[in-house]
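First the structure, in the form of structure tokens, and then the observations on it.
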Amino acid sequence: MLKAIGGTALAASLAGCTALLGDDESSQSEGAVDVPDEPVQAGLQTFTEGAAAVLGLQTQYGAELAVQRINDAGGVAGREIQLDVVHEADAHVENYKQFVDEGKDVTFGPTSSGGHAALAPEVENQGVVNVGTDGTVTTLYEETVPDPTYSFRFQNHDVMECVAAARAAVDRLGADNIDTVAGINPNYAFGKDEFSVFKSAIQKLTGAEVVYEGYPDLLAEDMSTHITEVNDKQPDVTFSSNWGGDVTTLLNQAAANNMFENTQLVGSVLYSAVNDLSKDVVEQANAVSGSRNFYWGEPTPSRWEPGKQVLQDARDQWDIVPSAHFMSGYGAVAAWATAVEKTVNLVGGWPSQEQIATALEGHGFYTPAGYHVMGQGHQGLSNAYYGDMVWDDDLGAPALENISMHSPPELAPPPGTTASEWISSW
Amino acid sequence: MTGLETFVTHTLHGIQYGFVLFLIASGLTIVLGILDVLNLAHGELFALGAYVGFTIIGYLTGLVAPPTTLSTQLVFLGVVLLGAALTAAILVPVGVFLETTFFKPIYGRDEVYQIVLTFALLLIIKDVNKLIWGPSPLRLQDAYGGINSIPVLSRVGLTYPTYNVVIIVIGLVTVAGLFWFFNRTKTGRIIRATAINREMATAIGVNTGRTFTLVFALGAFFAGFAGALALPPRFASLDMGANPLVLSFVVIVIGGLGSLRGAFVAALLVGVLSRWAIWQYPPAELAAPFAIMAIVLLVRPEGLFGTWGEMG
């Protein structure tokens with residue numbers, strides 16, 4: 001395992017494999033390179049309050065766990081990491097500038113797609129590496145910053161999870177049984193992009209007709225009009241990219257209006273509300289949910305222990321079940337730390353921002369979610385997970401069953417191809 | 001679903017949403033009508049109601065049997081409503097404290113002081129909520145599902161959540177109670193008199209200072225009541241006060257600034273028309289309430305009804 005993950009204690013620790021290492025074989029030849037003594041200063045911006053904190057706090061905790069493991073393993077080339085966390089609010093550029101002014105060595109985040117689109121050009125201007133946690137808008141590296149240097153993103157982008165959703169729906173229901181689809185998605189760019197991609201993909205895979213598109217506002221207290229329309233149209237599949245608290249509202253109100261008797265709900269991030277859903281609603285919904293690039297139970301713990309260990313750590317330290325957003329924080333830190341440690345050995349000292357950015361391109365690394373590659377286009381590429389959301393009495397929360405795993409080549413357009421061109425070519 | 005069922009269901013959604021809006025906007029319009037203060041912190045009092053409701057209703061429902069039979073379901077419903085009423089009652093001293101400590105010194109001063117003060121209170125209450133209940137959204141387990149398990153409209157073949165029926169009934173009772181209070185009770189008439197002519201009311205011996213405190217407490221009561229009742233189908237979060245505040249402004253502008261009757265009519269109008277608009281054209285979700293406001297203001301720039309006291 002040590003060799004497979006790159007041969008360092010830090011990489012092994014971040015993969016969650018320290019238990020397999022035996023005695024510490026030590027990081028590498030840290031004494032032979034010129035590395036500063038002072039800790040690495042890192043900044044993370046994510047949603048630490050409000051409805052979006054359902055995602056943001058998971059990201060924060062994931063990043064903090066990665067930092068704990070790095071520091072416990074002796075730091076990045078011997079340097080510990082000190083992580084500052086700020087509320088991203090609607091101040092993504094300002095937060096990043098503040099981090100740069102404070103002399104941060106690296107920055108992570110944000111969670112918001114719109115915020116990421118605003119932030120990425122500033123990252124290119126300032127030249128301090130930012131590894132995005134989420135902010136998964138597909139056009140980030142297609143249109144907003146088509147030739148990035150310092151901006152990276154760990155989590156899979158929207159196209160990947162929506163194509164995975166379409167494939168998961170077809171896997172479960174069969175293409176011949178999906179004639180009509182509907183969507184209830186959040187009323188902003190993310191929700192509209194997600195349904196647009198899902199719609200294109202499912203139409204290509206099944207020829208289904210779209211019978212309803214509803215876009216409740218973020219934090220809408222009432223989604224019943226959309227639910228009634230789904231009940232009226234009775235589509236074979238209803239897709240939702242609602243996340244966090246809006247998942248809770250949708251599922252509660254859908255259950256109250258018997259929507260689940262009339263359609264199969266498929267959601268890209270329903271599992272993001274894992275800690276807020278109740279047993280009766282989960283059992284009525286029988287929904288299919290995505291979990292981006294991480295589900296703690298897959299690969300199964302008997303084959304891959306680190307996922308279960310993350311679950312245990314998250315429960316012990318924060319009393320939560322980790323969602324994919326937990327891994328967004330963890331993975332962003334892991335990507336940067338493993339790339340830097342590799343580069344320290346190559347350049348014989350602490351690398352510059354340019355050298356770190358170069359090292360991150362095409363960088364492969366392990367986390368408890370498995371193996372990831374930071375693509376040449378600065379987009380992280382990982383397997384995507386979908387499963388049937390069921391209630392787990394032992395967990396006291398929903399779990400995913402009958403997991404389907406999709407690899408990046410199944411989900412992402414080839415380099416140089418836009419999502420619409422790619423899906424049209426199927 | 002038949003066409004009629006769909007129409008009835010959408011209309012019921014609109015009426016229920018309208019009553020929720022009225023419960024929120026009633027406090028805002030009463031305070032505006034009497035105190036002449038546009039309280040930007042009203043949405044945060046609504047959020048505070050949801051958080052307090054989370055604690056109280058959560059505690060009380062934990063004391064009774066799970067709602068599995070009709071009798072336990074009815075007890076459960078009673079406990080949830082009791083919790084909402086207690087929550088509203090707790091908001092009364094909060095309102096008294098805010099009015100006597102912060103609002104009294106700024107009556108009669110330039111409106112910019114009101115804006116700065118109430119915006120500051122908005123931020124402070126939000127931070128207090130965060131300090132007490134933490135940054136994560138909170139959901140009231142089982143209350144919504146428990147009440148919905150009581151069969152009401154399903155008996156006549158209509159799929160419609162019982163909790164929403166309860167909101168409509170509570171809204172009707174609240175409206176009737178408010179109009180009775182302001183039209184038939186001595187205290188209500190004193191409040192109306194103060195709204196119509198503050199100097200005259202003072203001259204005939206009305207303690208306007210105490211009246212103002214009572215009115216603000218009443219506004220806080222209804223904000224808290226609305227927050228607690230809004231909680232079961234959704235969740236409490238630190239940013240939940242913003243949308244209700246904006247929609248309350250829409251409602252009181254349509255109804256006529258400070259008019260309670262106007263707020264009632266406007267709330268139902270916004271509730272029903274916006275649900276119908278979404279039904280017919282889903283992308284209209286965000287714009288519908290504001291489009292209704294724009295149309296009403298084009299026809300009646302002063303809103304549907306006049307000022308509060310005379311039209312109570």
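Counting the residues of region A:340-370 that are open to solvent by 40 Å² or more (accessible area, probe 1.4 Å), farther than 20 Å from A:VAL33 by Cβ and either free of Cβ contacts under 8 Å to residues at least 12 places away in the same chain or part of a loop (DSSP other than H, G, I, E, B) (or both) gives 1.
Conditions tested, residue by residue: (1) within 19 Å of B:VAL37 (Cβ to Cβ); (2) more than 12 Å from chain A (Cβ to nearest Cβ); (3) within 17 Å of the chain's Cα centre (by Cα).
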residue: B:LEU245; (1), (2), (3): yes, yes, yes
residue: B:LEU257; (1), (2), (3): yes, yes, yes
residue: B:ARG261; (1), (2), (3): no, yes, yes
residue: B:LEU268; (1), (2), (3): no, yes, yes
residue: B:LEU286; (1), (2), (3): no, no, no
residue: B:ALA291; (1), (2), (3): no, yes, no
residue: B:LEU298; (1), (2), (3): no, yes, no
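Looking across region A:117-144, the residues that are open to solvent by less than 40 Å² (accessible area, probe 1.4 Å) and more than 21 Å from A:GLY191 (Cβ to Cβ) come down to A:GLU122, A:VAL123, A:GLY127, A:VAL128, A:VAL129, A:ASN130, A:VAL131.
Could you identify the single residue in B:LEU158, B:LEU238, B:LEU229 that is in contact (Cβ under 8 Å) with a residue 24 or more places away in the chain, within 26 Å of B:ASN39 (Cα to Cα), within 14 Å of chain A (Cβ to nearest Cβ) and part of a loop (DSSP other than H, G, I, E, B)? Reasoning before the result, please.
Values: B:LEU158 fails: within 26 Å of B:ASN39 (Cα to Cα); B:LEU229 fails: part of a loop (DSSP other than H, G, I, E, B).
Going through B:LEU158, B:LEU238, B:LEU229 in turn, just one is in contact (Cβ under 8 Å) with a residue 24 or more places away in the chain, within 26 Å of B:ASN39 (Cα to Cα), within 14 Å of chain A (Cβ to nearest Cβ) and part of a loop (DSSP other than H, G, I, E, B): B:LEU238.
For region A:408-421, give me the residue count where each residue is assigned to a helix (DSSP H, G or I), more than 20 Å from the chain's Cα centre (by Cα) and in contact (Cβ under 8 Å) with a residue 40 or more places away in the chain. Walk me through how you get there before you give the answer.
Residues of region A:408-421 that are assigned to a helix (DSSP H, G or I), as a first pass: A:408-411, A:419-421.
Going one step further and asking which of them are more than 20 Å from the chain's Cα centre (by Cα), we end up with A:420-421.
Next cut, in contact (Cβ under 8 Å) with a residue 40 or more places away in the chain only: A:420.
Summing the residues that are assigned to a helix (DSSP H, G or I), more than 20 Å from the chain's Cα centre (by Cα) and in contact (Cβ under 8 Å) with a residue 40 or more places away in the chain in region A:408-421 gives 1.
The residues of region A:33-75 that are open to solvent by 10 Å² or more (accessible area, probe 1.4 Å), over 21 Å from A:THR338 (Cα atoms) and more than 18 Å from the chain's Cα centre (by Cα) amount to a single one, A:GLU49.
Looking at region B:278-291, which of its residues are in contact (Cβ under 8 Å) with a residue 12 or more places away in the chain and surrounded by fewer than 21 Cβ atoms within 10 Å (Cβ to Cβ)?
Filtering region B:278-291 for residues in contact (Cβ under 8 Å) with a residue 12 or more places away in the chain gives B:279, B:288-291.
Across region B:278-291, the qualifying residues are B:ALA288, B:PHE290, B:ALA291.
Among residues belonging to region B:200-226 that are of a type in the set (Val, Ile, Thr) and outside any helix (DSSP H, G or I), point out the one that is least open to solvent (accessible area, probe 1.4 Å). Restricting to residues being of a type in the set (Val, Ile, Thr) and outside any helix (DSSP H, G or I), the top hit is B:VAL206.
Among the residues making up region A:148-162, a single one is open to solvent by 10 Å² or more (accessible area, probe 1.4 Å) and among the aromatic types (Phe, Trp, Tyr): A:TYR150.
Inspection of region A:95-108 finds no residue satisfying the criterion of being in a loop (DSSP other than H, G, I, E, B), touching a helix residue (DSSP H, G or I) at 6+ places or on another chain (Cβ under 7 Å) and not assigned by TED's automatic domain parsing to the domain that holds A:SER407.
Restricting the search to helices (runs of 4 or more DSSP H) fully inside region B:242-312 and requiring at least 1 residues that are modelled with pLDDT of 90 or more gives B:242-255, B:260-280, B:288-299. So, A:VAL310, is that one in a helix (DSSP H, G or I), touching a helix residue (DSSP H, G or I) at 6+ places or on another chain (Cβ under 8 Å) and closer than 29 Å to B:THR6 by Cα or not? In short, no. Every listed requirement among (1) within 30 Å of A:VAL282 (Cβ to Cβ); (2) under 19 Å from the mean Cα position of the chain (by Cα); (3) within 14 Å of chain A (Cβ to nearest Cβ) is met by B:LEU82 save one, (3).
Only residues that are assigned to a loop (DSSP other than H, G, I, E, B) and more than 14 Å from chain A (Cβ to nearest Cβ): list them for region B:108-147, please. Of everything in region B:108-147, those that are assigned to a loop (DSSP other than H, G, I, E, B) and more than 14 Å from chain A (Cβ to nearest Cβ) turn out to be B:GLY108, B:ARG109, B:ASP110. Take the conditions (1) touching a helix residue (DSSP H, G or I) at 6+ places or on another chain (Cβ under 7 Å); (2) part of a helix (DSSP H, G or I); (3) open to solvent by 20 Å² or more (accessible area, probe 1.4 Å); B:GLY83 misses just one of them, which is (3). Considering only region B:16-35, I want to know if a residue exists there that is more than 30 Å from B:LEU117 (Cβ to Cβ), within 13 Å of chain A (Cβ to nearest Cβ) and touching an Asp or Glu at 6+ places or on another chain (Cβ under 7 Å). Yes, some residue in region B:16-35 is more than 30 Å from B:LEU117 (Cβ to Cβ), within 13 Å of chain A (Cβ to nearest Cβ) and touching an Asp or Glu at 6+ places or on another chain (Cβ under 7 Å).
Mind checking which residues of region B:1-27 are open to solvent by 10 Å² or more (accessible area, probe 1.4 Å) and of a type in the set (S, T, N, Q)?
B:THR2, B:THR11, B:GLN16
Take the conditions (1) over 15 Å from the mean Cα position of the chain (by Cα); (2) at pLDDT 95 or above; A:MET327 misses just one of them, which is (1).
Scan B:TYR59, B:TYR51 and give me the residue that is within 21 Å of B:ALA236 (Cβ to Cβ) and either in a loop (DSSP other than H, G, I, E, B) or touching a helix residue (DSSP H, G or I) at 6+ places or on another chain (Cβ under 6 Å) (or both). None of the other options fit; the residue is B:TYR51.
Here is a check on your reading of the model: is B:PHE102 under 21 Å from the mean Cα position of the chain (by Cα) and open to solvent by 50 Å² or more (accessible area, probe 1.4 Å)? Outline the logic, then answer.
Values: under 21 Å from the mean Cα position of the chain (by Cα): no; open to solvent by 50 Å² or more (accessible area, probe 1.4 Å): yes.
Here the answer is no, as B:PHE102 does not meet what is asked.
Selection over region A:209-244 of residues that are open to solvent by less than 20 Å² (accessible area, probe 1.4 Å), more than 25 Å from A:ILE403 (Cβ to Cβ) and in contact (Cβ under 8 Å) with a residue 60 or more places away in the chain gives a count of 0.
Answer yes or no as to whether A:ASP105 is over 16 Å from the mean Cα position of the chain (by Cα) and touching a residue at least 60 places away in the same chain (Cβ under 8 Å). The answer is yes for A:ASP105.
Taking the conditions exactly as written (open to solvent by less than 20 Å² (accessible area, probe 1.4 Å), touching a residue at least 40 places away in the same chain (Cβ under 8 Å), within 14 Å of chain A (Cβ to nearest Cβ) and under 29 Å from B:ALA176 (Cβ atoms)), does B:GLU44 satisfy them or not? When the stated conditions are applied, B:GLU44 passes them.
Against the definition (open to solvent by less than 10 Å² (accessible area, probe 1.4 Å) and not in a helix (DSSP H, G or I)), how does B:VAL37 come out, yes or no? If you could, list the steps in order and put the result at the bottom.
Numbers: open to solvent by less than 10 Å² (accessible area, probe 1.4 Å): yes; not in a helix (DSSP H, G or I): yes.
Judged against the criteria, B:VAL37 is a match.
When region A:256-272 is limited to residues that are in a helix (DSSP H, G or I) and open to solvent by 10 Å² or more (accessible area, probe 1.4 Å), the one that is nearest to A:ALA51 (Cα to Cα) turns out to be A:ALA256. Just wondering, is there one or more residues in region B:135-145 that are in contact with a Leu (Cβ under 8 Å, 6 or more places away or on another chain), open to solvent by 30 Å² or more (accessible area, probe 1.4 Å) and more than 18 Å from B:GLY83 (Cα to Cα)? Scanning region B:135-145 turns up at least one residue that is in contact with a Leu (Cβ under 8 Å, 6 or more places away or on another chain), open to solvent by 30 Å² or more (accessible area, probe 1.4 Å) and more than 18 Å from B:GLY83 (Cα to Cα).
Restricting the search to region A:273-298, which residues are within 14 Å of chain B (Cβ to nearest Cβ) and either open to solvent by 20 Å² or more (accessible area, probe 1.4 Å) or among the small types (Gly, Ala, Ser) (or both)? Result: A:ALA273, A:ASN275, A:ASP276, A:SER278, A:LYS279, A:ASP280, A:GLU283, A:GLN284, A:ALA285.
The values are calculated or read from the model by the stated rules, or taken from the named source; none is laboratory data. The shown structure was predicted, so the numbers you read here are calculated from the model rather than taken from an experiment. Ideal geometry is used to build each Cβ from the backbone, glycine not excepted, and the neighbour counts take in all protein chains shown. Protein only, heavy atoms only, side chains kept; ligands, DNA and RNA dropped before computing areas. Shrake-Rupley method; radii C 1.70, N 1.55, O 1.52, S 1.80 Å.
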